[in-house]
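K.L.:
What follows is a single structure, and I will ask about it in a moment.
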Amino acid sequence: MSGPVPARASLLTPVGRGAIAVVAAEGDAARTAIDASFVAANGRPILQQPPDRIAFGHWVCGAHREEVIVIRDDDGGVEVHCHGGVTAAERILTAFAGAGCEVELWPERLDRTAASKIEAEADLALARATTRRTAAILLAQRAGTLSREVSGIRGDLASSRLAAARDRIDALLARAQVGLHLTEPWRIAIAGRPNVGKSSLINALVGYQRAIVFDQPGTTRDVLTADTAIDGWPVRLVDAAGIRETEDELEAEGVRRARQQLATADLVLWVLDAWELTGDPQAVMKQEWREAHGPTAASSLILTVVNKADLLPGDASQPPTDGVQFVSARTGERLAELIELIGRRLVPAASADEAIPFTRRQIELLSAAHASVVAGRANDATAVLWKF
Ligand SMILES: Nc1nc2c(ncn2[C@@H]2O[C@H](COP(=O)(O)OP(=O)(O)O)[C@@H](O)[C@H]2O)c(=O)[nH]1
Ligand SMILES: [Mg+2]
């Protein structure tokens, strides 16, 4: 390595989540701090510890003694693994800072050390991914799936295959929503008249008691949310208060917020009560939607859920209808089918092998490239795509 390494230190692990915190540091000042504070169990100074192996010992700082593991690499970098609480990591960072290291936030560190912008963005996104499925997709993008596709598109542009380039950009942009939802949950609003079982359904879907279930209409005064995963996708279930005309001011506010939730949801589950249902569920849903929203047409992103199917006589198996699912939040009957239906409705087919843009920056670049291609400016599109 040429020239001195600038001394820097960063806390790599998020505060409050893990059992272990990791502080990374490099540069001469980092070694000064290690020499001053790290006492290895085998008694050797850090430079005599074999690289890339763990050296167990204590971080000694005044009267404090903290069990730590230190790993050094061949380039003067060290990692200190300590107790995951805030204090231990702070103490170690402070020691590095005191020795002359610049303390750097880990996203900045990522930006500086990642091999590419996509890799840095993928690392940031991975820290926010909550399911295996989303993490697998992000790992594939990090490993080159997205950058290979982008360079393929640049190849098309270089060979004047503008139509092919446009189609490939279109395909990427079609997956933008999936990409953004790798780190942000899809939002599902649960709506319907009071007492149809919205809160019960959320509880059943999430699998634990969270929303308020009560026998009186209008008890859900606030919009409650519960995070869970459906089919490997992170979703946020939003319990919309019973939408209806009301004199009660507190409830009116709830109704206003519920409407807002409906307007911005990725999917709406409109819940009906099987016991009270007369007629075609889709028609009833549309009627209730009109009552709640006026003449604006119901969005296509609505599933009609007929709850309390356990109250229907006999096996009462309903013929499967497109966009309608009978369930019982109480018995769990046909909940699996509902979950499958939600997964299919919510997320267009996506597999980890395909390139998926997953940040707003990437999507904006693709949109700009698209506009240039459509305008026949292949060079501009290429320039934009180089920014990936
Ligand atoms: N039999 C039956 N009762 C249910 C079912 N789901 C909810 N309920 C009952 O219906 C009532 C209203 O439920 P709740 O979830 O509070 O409805 P919400 O007002 O729409 O949130 C409660 O007494 C629930 O126990 C179901 O699947 N079957
Ligand atoms: Mg409720």
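K.L.:
Only one of these is under 19 Å from the mean Cα position of the chain (by Cα), under 24 Å from A375 (Cα atoms) and open to solvent by 40 Å² or more (accessible area, probe 1.4 Å): L173, L162. Name it.
P.N.:
None of the others qualify; the one that does is L173.
K.L.:
Within the stretch 48-57, does at least one residue satisfy the condition of being assigned to a strand (DSSP E or B) and open to solvent by 10 Å² or more (accessible area, probe 1.4 Å)?
P.N.:
yes
K.L.:
Select from the stretch 69-90 the residues that are closer than 10 Å to A30 by Cβ and either part of a strand (DSSP E or B) or outside the structural domain of I54 (by TED's automatic domain parsing) (or both) and list them in ascending order.
P.N.:
R72, G77, V78, V80
K.L.:
Just the residues that are more than 18 Å from S199 (Cβ to Cβ) and open to solvent by 30 Å² or more (accessible area, probe 1.4 Å), please, taken from the stretch 321-332.
P.N.:
T321, D322 - these are the residues of the stretch 321-332 that are more than 18 Å from S199 (Cβ to Cβ) and open to solvent by 30 Å² or more (accessible area, probe 1.4 Å).
K.L.:
Looking only at residues that are farther than 25 Å from D353 by Cβ and in contact with a Lys or Arg (Cβ under 7 Å, 6 or more places away or on another chain) in the stretch 93-136, which one is surrounded by the fewest Cβ atoms within 10 Å (Cβ to Cβ)?
P.N.:
Looking at residues that are farther than 25 Å from D353 by Cβ and in contact with a Lys or Arg (Cβ under 7 Å, 6 or more places away or on another chain), I get E102.
K.L.:
Given the residues D156, D170, which is the only one that is on the phi < 0 side of the Ramachandran plot, in a helix (DSSP H, G or I) and free of Cβ contacts under 8 Å to residues at least 40 places away in the same chain?
P.N.:
After applying the criteria, what remains is D156.
K.L.:
So, one more: Considering each of R154, R193 in turn, give the residue that is surrounded by fewer than 21 Cβ atoms within 10 Å (Cβ to Cβ), at pLDDT 90 or above and of a type in the set (D, E, K, R).
P.N.:
Working: R193 fails: at pLDDT 90 or above.
Just a single option satisfies the conditions, and that option is R154.
K.L.:
For the structure I just gave you, tell me whether A204 is within 11 Å of ligand 1 (Cβ to nearest atom) and either at pLDDT 70 or above or part of a helix (DSSP H, G or I) (or both). Steps first, answer last, please.
P.N.:
Numbers: within 11 Å of ligand 1 (Cβ to nearest atom): yes; either at pLDDT 70 or above or part of a helix (DSSP H, G or I) (or both): yes.
Here the answer is yes, as A204 does meet what is asked.
K.L.:
Of A9, A36, which residue is open to solvent by 50 Å² or more (accessible area, probe 1.4 Å) and in contact (Cβ under 8 Å) with a residue 40 or more places away in the chain?
P.N.:
Only one candidate passes the filter, namely A36.
K.L.:
Restricted to the stretch 168-190, and to residues that are in contact with an Asp or Glu (Cβ under 9 Å, 6 or more places away or on another chain) and of a type in the set (G, A, S), which residue is modelled with the highest pLDDT?
P.N.:
We begin by selecting, within the stretch 168-190, every residue in contact with an Asp or Glu (Cβ under 9 Å, 6 or more places away or on another chain); these are 168, 171-172, 175, 177, 181, 185-190.
Imposing the further condition that a residue be of a type in the set (G, A, S) reduces the set to 171, 189.
On the way: A171: 96, A189: 91.
Ranking the qualifying residues of the stretch 168-190, first place goes to A171.
K.L.:
Please specify each residue of the stretch 231-269 satisfying the condition of being acidic (D, E) and either within 13 Å of ligand 2 (Cβ to nearest atom) or at pLDDT below 80 (or both).
P.N.:
D239, E245, E247, D248, E249, E251, E253
K.L.:
In addition: Being without any contact (Cβ under 8 Å) to a residue 24 or more places away in the chain and either in contact with a Lys or Arg (Cβ under 6 Å, 6 or more places away or on another chain) or charged (D, E, K, R) (or both) is the filter here; which residues of the stretch 55-82 pass it?
P.N.:
Once the filter is applied, which keeps residues that are without any contact (Cβ under 8 Å) to a residue 24 or more places away in the chain and either in contact with a Lys or Arg (Cβ under 6 Å, 6 or more places away or on another chain) or charged (D, E, K, R) (or both), the stretch 55-82 yields H58, R65, E67, D73, D74.
K.L.:
Does L93 satisfy being part of a helix (DSSP H, G or I), assigned by TED's automatic domain parsing to the domain that holds A375 and in contact (Cβ under 8 Å) with a residue 40 or more places away in the chain? Reasoning before the result, please.
P.N.:
On the way: part of a helix (DSSP H, G or I): yes; assigned by TED's automatic domain parsing to the domain that holds A375: no; in contact (Cβ under 8 Å) with a residue 40 or more places away in the chain: yes.
No; evaluated as a whole, the condition is false for this residue.
The values are calculated or read from the model by the stated rules, or taken from the named source; none is laboratory data. Since the structure is predicted, the reported quantities are computational estimates derived from the model, not experimental observations. Cβ sites come from the backbone with ideal geometry, for glycine too, and all protein chains shown count toward neighbours. SASA here: full protein model, heavy atoms, side chains in, ligands and nucleic acids out. Shrake-Rupley method; radii C 1.70, N 1.55, O 1.52, S 1.80 Å.
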